[in-house]
1. Which condition breaks for Phe150 when tested against (1) of a type outside the set (D, E, K, R); (2) surrounded by 15 or more Cβ atoms within 10 Å (Cβ to Cβ); (3) closer than 30 Å to Ser289 by Cβ; (4) in contact with a Pro (Cβ under 7 Å, 6 or more places away or on another chain)?
2. Can you tell me which residue in segment 223-276 is farthest from the chain's Cα centre (by Cα), limited to those that are at pLDDT 90 or above and among the aromatic types (Phe, Trp, Tyr)?
3. Can you go through Pro26, Pro12, Pro109 and tell me which one is modelled with pLDDT under 70 and either in contact with a Ser or Thr (Cβ under 7 Å, 6 or more places away or on another chain) or not polar (S, T, N, Q) (or both)?
4. Hey, could you check segment 253-303 for residues that are of a type in the set (Ser, Thr, Tyr) and assigned to a helix (DSSP H, G or I) and say which is surrounded by the fewest Cβ atoms within 10 Å (Cβ to Cβ)?
5. Kindly evaluate Glu130 against the criterion of being among the acidic types (Asp, Glu), in a loop (DSSP other than H, G, I, E, B) and under 20 Å from Trp265 (Cβ atoms).
6. Give the residues of segment 176-222 that are under 19 Å from the mean Cα position of the chain (by Cα) and acidic (Asp, Glu), sorted by residue number.
7. Which condition from (1) assigned to a helix (DSSP H, G or I); (2) closer than 30 Å to Leu222 by Cβ; (3) touching a residue at least 40 places away in the same chain (Cβ under 8 Å) is the one that Tyr101 breaks?
8. Determine, yes or no, whether Gly94 is small (Gly, Ala, Ser), touching a residue at least 24 places away in the same chain (Cβ under 8 Å) and within 30 Å of Arg31 (Cα to Cα).
Amino acid sequence: MNDPEPLDQAAPGAPPELHFDWSPRPKFQDRRWLNALLLLLTFVTTTFWGGVYYEGFVSDLGRQSALASVASLFAHGLWYSLTILTFLGCHEFGHYLACRYYNVDASLPFFIPMPFLLTGTMGAVIRIREPIPTKRMLFDIGIAGPIAGFVVAIPVLIAGLAMSHVVQLPQEPGGLWLGEPLLLKAMSFLIWGPMPEGYTLNLHPMGFAAWFGLLATSFNLLPVGQLDGGHIAYAVFGRRSSAITLATLGLTLALGLLSTSWLFWTFVMTMMLWRFGRHHPPTFDEHDSLDISRKRLAVFALLMLIVCFTPVPVETLDVITR
């Protein structure tokens, strides 16, 4: 009896077998020098603007001289820059760590320096490099950032308001007026009580960083496209989120009648929808419903949007006092 032919031996005259390497592509690979460089540049631009805000803060909105050395302005500018970088970093690392938990390939945060913008930055983003397969994963990744940032924003807001002080509104028109989200109004009332007529709160640079954090949270929670709120809306409502996207875009356009600053955000969202489309990328379980605990978290996300939202984010004082 002959021994059986080995299984991996090719028959005479057969073509040679082809071998393929199906090893998975490595994930979470980053050019960390680029992330570090953008972080450094954003640190410089936000510290510069932090120095500007500190000079305005100690001068009581320009009523008294506040000349200071460059070194002093840089040092005091850290109140703003370190606060805002901490907020943005926590927000984006909330997304990033959720991606790591679900093994969804994503980049480290890219901070966006913007020296000519009053905030010194356009925020930060991460890049998700592969489709998110389920609504549960999408929801968790989408909501992790706003919750992480919100947790940081609350104590920062309290500290910033405590270091602020009440001043009389300038007699001459000019300067910027910052809209007050509900959360800022409530905290300000608890710390300073009712504001007298003709007076306003002169925000410490840390308070201004908290204000920007609340504004960024509300913008990201708008249920539009690839924003965090868009991910949450799709996970909750499925394809119906496309109609919510268009309704939200119409609402922000209408808010432009109250404050021209909304025209900028409407333009940003319009460009995003033009680039990615109004329909959210589908998941494999598009028609399945989320569990009750995540639906409750979605309600909490809506509450965060409400308390961080302001109809008039930025306006000039001459318009407000007319």
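The values are calculated or read from the model by the stated rules, or taken from the named source; none is laboratory data. The model shown is predicted, which means the values in this text are computed figures rather than measured ones. Heads up, the Cβs are rebuilt from the backbone with ideal geometry, glycines too, and the neighbour counts pull from every protein chain shown.
1. If we test Phe150 against (1) of a type outside the set (D, E, K, R); (2) surrounded by 15 or more Cβ atoms within 10 Å (Cβ to Cβ); (3) closer than 30 Å to Ser289 by Cβ; (4) in contact with a Pro (Cβ under 7 Å, 6 or more places away or on another chain), just (4) comes out false.
2. Phe237
3. Details: Pro26 fails: modelled with pLDDT under 70; Pro109 fails: modelled with pLDDT under 70.
Just one listed residue meets the conditions, Pro12.
4. Step one: list which residues in segment 253-303 are of a type in the set (Ser, Thr, Tyr), which gives 259-261, 266, 270, 283, 289, 293.
Then keep just the ones that are assigned to a helix (DSSP H, G or I); that gives 261, 266, 270, 293.
Details: Ser261: 17, Thr266: 20, Thr270: 15, Ser293: 8.
Among them, the one singled out is Ser293.
5. Values: among the acidic types (Asp, Glu): yes; in a loop (DSSP other than H, G, I, E, B): yes; under 20 Å from Trp265 (Cβ atoms): no.
No.
6. Within segment 176-222, Glu180 is the sole residue that qualifies.
7. The single condition Tyr101 does not satisfy is (3).
8. Numbers: small (Gly, Ala, Ser): yes; touching a residue at least 24 places away in the same chain (Cβ under 8 Å): yes; within 30 Å of Arg31 (Cα to Cα): yes.
In short, yes.
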